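Asks: To start, I am sharing the structure in question, which I have written as structure tokens.
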């Protein structure tokens, strides 16, 4: 009887642990942009661009997905209204730099820098790339994840 009691306790404990493992595993979420085409850079508070008075913040996979959804809507709207010369290319073509911050108002904002430049160096993975001109090969946008709105969608001009 004593052995039966111990065996039952072991079974209950092992079943309980198994159940916890199953319930704590989250379903996989996939981000649409290939890993090789984007990087998340820390905010440099010594520079005033692209944010003033903010603090660095991380991005979750869910926030990246929300950012992508807002971005796609913004680009579609821009493309409907843009001249053919400044119509942006498919988003998959661009490399991206994300900079995520918390503003002084407590809102999470993400600046995304896009460029289609096929750089030989990998400096874009660690340094914010800023160019003057360059046409539609370079553009940027800010997305407010708190309000689910975008602003400052800017496509570079030509020299």
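Asks: If we keep just the residues of segment 40-77 that are touching a strand residue (DSSP E or B) at 6+ places or on another chain (Cβ under 6 Å) and in contact (Cβ under 8 Å) with a residue 60 or more places away in the chain, which is surrounded by the fewest Cβ atoms within 10 Å (Cβ to Cβ)?
Replies: Looking at the filtered set, the residue picked out is 40.
Asks: Also, I was wondering about something else. May I ask you to list the residues in segment 105-159 that are under 16 Å from the mean Cα position of the chain (by Cα) and modelled with pLDDT under 85?
Replies: Hit for segment 105-159 is 128, nothing else.
Asks: Let me ask you something else. State yes or no: is residue 95 touching a helix residue (DSSP H, G or I) at 6+ places or on another chain (Cβ under 7 Å), modelled with pLDDT of 85 or more and surrounded by fewer than 16 Cβ atoms within 10 Å (Cβ to Cβ)?
Replies: Working: touching a helix residue (DSSP H, G or I) at 6+ places or on another chain (Cβ under 7 Å): yes; modelled with pLDDT of 85 or more: yes; surrounded by fewer than 16 Cβ atoms within 10 Å (Cβ to Cβ): no.
Taking the combined requirement at face value, the residue does not satisfy it.
Asks: Sticking with this one: For a quick check of your reading of the model, give me the residue pairs whose first member lies in segment 117-137 and is closer than 18 Å to residue 49 by Cα, whose second is in a loop (DSSP other than H, G, I, E, B) and modelled with pLDDT of 75 or more, with beta-carbon atoms closer than 8 Å and at least 6 apart or on different chains.
Replies: From segment 117-137, the pairs are 128/44; 131/156; 132/156; 133/156.
Asks: Only residues that are touching a helix residue (DSSP H, G or I) at 6+ places or on another chain (Cβ under 6 Å) and at pLDDT below 60: list them for segment 21-55, please. Spell out how you get there, then give the answer.
Replies: As a first pass, look at segment 21-55 and keep what is touching a helix residue (DSSP H, G or I) at 6+ places or on another chain (Cβ under 6 Å): 29, 31-32, 39.
The answer is 29, 31, 32.
The values are calculated or read from the model by the stated rules, or taken from the named source; none is laboratory data. Computed from a predicted model, the values in this text were never measured in an experiment. FYI the Cβ positions are ideal-geometry reconstructions off the backbone, even for glycines, and counts take in every protein chain you see.
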